[in-house]
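**Q** Take this structure first; my questions come after.
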Amino acid sequence: MSSNEPSRAAGPFADPVLLMDMAVTHCVPGAALMPPATLDELARNNTGNFAFRYAIADQFFPGTPLGTFEPGQPRPERGGTVVMACANWIGQSREHEVANEKRFAFLESLDVPVVPFGLGCQLPLDGVFDDLGLATQKFLLRLCELAPSMSVRDEQTARMLHSVGYRSVHVTGCPSNFINPDPGLGASIAKAARRLLERDAGWDTIAIGLTEYSGGYDFSWQVFEQHFGMMREHAATYVVQDYPLLPVLMRRSERLPQEYLPQHFPGTGATAQEMALVLRRCAVYFASYDQWLLQARRFDLAYGMRLHGNLTTLQAGVPSLVITHDARTVESCRTLGLPNLRAESFLALDLRTPRPLLEAILHSVIGYDDRRRELARRMRDHLRQCSLPVPPGLQVLVADSAEGLPSDLRGVELDAIR
């Protein structure tokens, strides 16, 4: 590795503008007194959005001017570039079409390079380009014309781009996988899981983090029943990412939303009153990713159906497991090397103790560090191909030893570059 990485890239892609599709990056100012619907709108309906925007805005491009796709937003000067913090923008829904029509119109107005990070598909695994709506197709083709290189979330997205003739693709996974720059993060998590196993920890002796269940899948209701039992019996913390429960948590409503009505979860035996009370005692919502990451550090074990919720606890050094439930979560976990179990396998476990979950995490986290190092190298290559600077934390992850680091990073404590 070069020992003199630039603090800001020189050359044709200098002075980037960081473009997002939401007005905030990873913190909603004034959230404490904000109506729940406004708060959810600013978070774009899922606080998981904060995770990868935190990585891009704070760690990859700190201090870079921010903009959105709305008219009147900052545009790069000639010779600059547009950096885009992407999400699962490639899909078939009406929402994808509306958003991609706006993105296409913006890209049509540009004559500078565009550098996407973390672009992903939200499609069945056999989905192809012709399945997409016209606006999404136009957006994707225009992006191919402007991007010297693309960072994508998984192999499915890479195949989609290859199918339209675009080859400069780097499968990097989600950028939030690089938030913690400790190259031995997986080993530390394995050590923590092993320590709990050695002392035969029970549920009442550990702090438990749960991520909000994802509705609409075959096993969703059964997963939530298990989560509710953990909240009721062991005071597990339940991290909410979406809107429906917010009015109840913020005492704006006493009525449970449709997604949490007790009749959907007969195995709990709970009344509406008990369901609401347990959720208000145990559920939390974070309008700041810094606070989310900070609070995640107190857990001994975390699990659930949300990818970014569990990726957050993993970055905090917590033994974590994703309960996969669709093609996207399966593919993402495979790409990132995240500990995971399919929902039906999770529900078949004997969870009278945490042991089965800890054993599953220990079994699969062993290869996480090597996998993340490979993904970090792909991200470095993507950045270099676009003449953009490689952030210090990423340099630490890709280096095989201290000798591979720039001289100003050798011997620096990890906390100093986080």
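**Q** With more than 19 Å from Met305 (Cβ to Cβ), at pLDDT 95 or above and among the hydroxyl-bearing types (Ser, Thr, Tyr) as the only criterion, which of Ser176, Ser149, Ser220 stands out?
**A** Ser149
**Q** Right, another one. Which is closer than 21 Å to Tyr368 by Cβ and without any contact (Cβ under 8 Å) to a residue 40 or more places away in the chain, of Arg195, Arg199?
**A** The match here is Arg195.
**Q** Among Ser220, Ser253, which is assigned by TED's automatic domain parsing to the domain that holds Pro319, of a type in the set (Ser, Thr, Tyr) and in contact with a Ser or Thr (Cβ under 7 Å, 6 or more places away or on another chain)?
**A** Checking each option against the conditions leaves just Ser220.
**Q** Next question, about the same structure. Can you name the helices (runs of 4 or more DSSP H) wholly within segment 269-357 that have at least 2 residues being more than 21 Å from Trp221 (Cβ to Cβ)? If you could, list the steps in order and put the result at the bottom.
**A** Working: elements: 272-282, 289-296, 307-315, 327-336, 343-347.
Helices (runs of 4 or more DSSP H) meeting the threshold: 289-296, 307-315, 327-336.
**Q** Can you pull out the residues in segment 124-154 that are exposed (fewer than 15 other Cβ atoms within 10 Å of the Cβ) and part of a loop (DSSP other than H, G, I, E, B)?
**A** Pro124, Leu125, Asp126, Val128
Here is a yes/no grid of residues against (1) assigned to a helix (DSSP H, G or I); (2) touching a His at 6+ places or on another chain (Cβ under 8 Å); (3) not assigned by TED's automatic domain parsing to the domain that holds Phe52:
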site: Arg159; (1), (2), (3): yes, no, no
site: Ala190; (1), (2), (3): yes, no, yes
site: Arg195; (1), (2), (3): yes, no, yes
site: Tyr213; (1), (2), (3): no, yes, yes
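**Q** Sticking with this one: Residue by residue through segment 241-268, note down the ones that are outside any helix (DSSP H, G or I) and small (Gly, Ala, Ser).
**A** Residue satisfying the conditions is Ser253 alone.
**Q** Among the residues that make up segment 330-337, is at least one of them within 20 Å of Ala236 (Cα to Cα) and either crowded, with 24+ Cβ neighbours inside 10 Å or modelled with pLDDT under 95 (or both)? Walk me through it before giving the result.
**A** The initial filter retains those residues of segment 330-337 that are within 20 Å of Ala236 (Cα to Cα), namely none.
Within segment 330-337 (the criterion being within 20 Å of Ala236 (Cα to Cα) and either crowded, with 24+ Cβ neighbours inside 10 Å or modelled with pLDDT under 95 (or both)), the answer is no, since none of the residues qualifies.
**Q** Kindly check whether there is at least one residue in segment 306-328 that is basic (Lys, Arg) and at pLDDT below 95. Please lay out each step first, then the result.
**A** Keep residues of segment 306-328 that are basic (Lys, Arg), which gives 306, 328.
Now restrict to residues that are at pLDDT below 95: 328.
Yes: segment 306-328 contains one or more residues that are basic (Lys, Arg) and at pLDDT below 95.
**Q** Moving on to the next point. Of a type in the set (S, T, N, Q), farther than 18 Å from Arg53 by Cα and in contact (Cβ under 8 Å) with a residue 24 or more places away in the chain, is that true of Thr136?
**A** For Thr136, the condition - of a type in the set (S, T, N, Q), farther than 18 Å from Arg53 by Cα and in contact (Cβ under 8 Å) with a residue 24 or more places away in the chain - is met.
**Q** Within segment 227-238, can one find any residue that is on the phi < 0 side of the Ramachandran plot, out of contact with any Ser or Thr (no Cβ under 8 Å at 6 or more places or on another chain) and assigned to a loop (DSSP other than H, G, I, E, B)?
**A** yes
**Q** Further question on the same structure: If you take the residues in segment 267-312 that are within 24 Å of Pro354 (Cβ to Cβ) and of a type in the set (Ser, Thr, Tyr), which one is surrounded by the most Cβ atoms within 10 Å (Cβ to Cβ)?
**A** Tyr303
**Q** Would you check which residues across segment 55-80 are in contact with an Asp or Glu (Cβ under 8 Å, 6 or more places away or on another chain), touching a residue at least 60 places away in the same chain (Cβ under 8 Å) and buried (at least 17 other Cβ atoms within 10 Å of the Cβ) and list them?
**A** Matches in segment 55-80: Pro76, Gly80.
**Q** Please verify whether Leu210 is under 29 Å from Ala57 (Cβ atoms) and surrounded by fewer than 24 Cβ atoms within 10 Å (Cβ to Cβ), treating the condition exactly as stated.
**A** no
**Q** Looking only at segment 33-51, which residues are in contact with a His (Cβ under 6 Å, 6 or more places away or on another chain) and either among the basic types (Lys, Arg) or assigned to a helix (DSSP H, G or I) (or both)?
**A** Of everything in segment 33-51, those that are in contact with a His (Cβ under 6 Å, 6 or more places away or on another chain) and either among the basic types (Lys, Arg) or assigned to a helix (DSSP H, G or I) (or both) turn out to be Phe50, Ala51.
**Q** Then there is this: Restricting attention to segment 358-399, report how many residues are part of a loop (DSSP other than H, G, I, E, B), closer than 21 Å to Ser332 by Cα and among the β-branched types (Val, Ile, Thr). Before the answer, list the steps.
**A** Restricting attention to segment 358-399, the residues satisfying the condition of being part of a loop (DSSP other than H, G, I, E, B) are 366-367, 386-391, 399.
Adding the requirement that they be closer than 21 Å to Ser332 by Cα leaves 366-367.
From the residues that got through so far, the ones that are among the β-branched types (Val, Ile, Thr) too are 366.
Residues meeting the conditions: 1.
**Q** Of the residues Val318, Val248, Val240, Val322, only one is buried (at least 19 other Cβ atoms within 10 Å of the Cβ) and without any contact (Cβ under 8 Å) to a residue 24 or more places away in the chain; which?
**A** Val322
The values are calculated or read from the model by the stated rules, or taken from the named source; none is laboratory data. All of these numbers come straight from a predicted model, not from anything done at the bench. In this analysis, Cβ positions are derived from the backbone assuming ideal geometry, glycine residues included, and neighbour counts consider all displayed protein chains.
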